[in-house]
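What follows is one structure encoded as structure tokens, with my remarks underneath.
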Amino acid sequence: MLNSLLKSFYISVPMILSMSIYFQIDKKYEITDKISPKIKADKKWQPLLVLSFCFLFMLVFGIANIYIINIPTNLYFILSSLITGAGVGFANKLSTQIKNT
């Protein structure tokens with residue numbers, strides 16, 4: 001029980017931190033507004049496309065971790081949740097922009 005709770009902290013805490021850091025950076029530098037026009041897809045499909053590429057990157061990263069890199073499991077959880085948190089933050093910002101227009 002305690003072990004699974006600790007593993008969930010390795011996933012949830014970096015994801016929450018990366019999402020909050022992404023929102024702070026995006027508020028200052030407006031990254032989403034600069035990248036969104038460069039994505040050649042319909043506005044309503046852009047968040048799905050961003051999440052799909054995020055999870056595709058995680059799949060490639062996971063396969064590379066198994067066969068090539070071989071990093072510790074906890075470090076893999078932390079890195080993958082950082083990447084996923086940034087991707088979810090980006091997709092969330094895109095979806096709120098779509099709702100506001």
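The values are calculated or read from the model by the stated rules, or taken from the named source; none is laboratory data. All values reported here derive from a predicted model rather than from experimental measurement. Glycine gets a Cβ as well: all are built from the backbone with ideal geometry, and neighbour counts include every protein chain shown.
Of the residues examined, T32 is not one that is surrounded by 15 or more Cβ atoms within 10 Å (Cβ to Cβ), touching a Cys at 6+ places or on another chain (Cβ under 7 Å) and of a type outside the set (A, V, I, L, M, F, W, C). Only helices (runs of 4 or more DSSP H) whose full extent lies in the range 1-83 are considered here, and the ones with at least 2 residues that are of a type in the set (D, E, K, R) are 2-29, 31-35.
Only one of the numbered conditions (1) among the aliphatic types (A, V, I, L, M); (2) modelled with pLDDT of 95 or more; (3) crowded, with 16+ Cβ neighbours inside 10 Å is not met by M19, and that is (2). Residues that are of a type in the set (A, V, I, L, M) and surrounded by 15 or more Cβ atoms within 10 Å (Cβ to Cβ) within the range 55-97 comprise M58, I78, L79, L82, I83, A86, V88, A91, L94, listed in sequence order. Restricting the range 1-19 to residues that are hydroxyl-bearing (S, T, Y) and without any contact (Cβ under 8 Å) to a residue 40 or more places away in the chain, the residue that is nearest to A91 (Cα to Cα) is S8.
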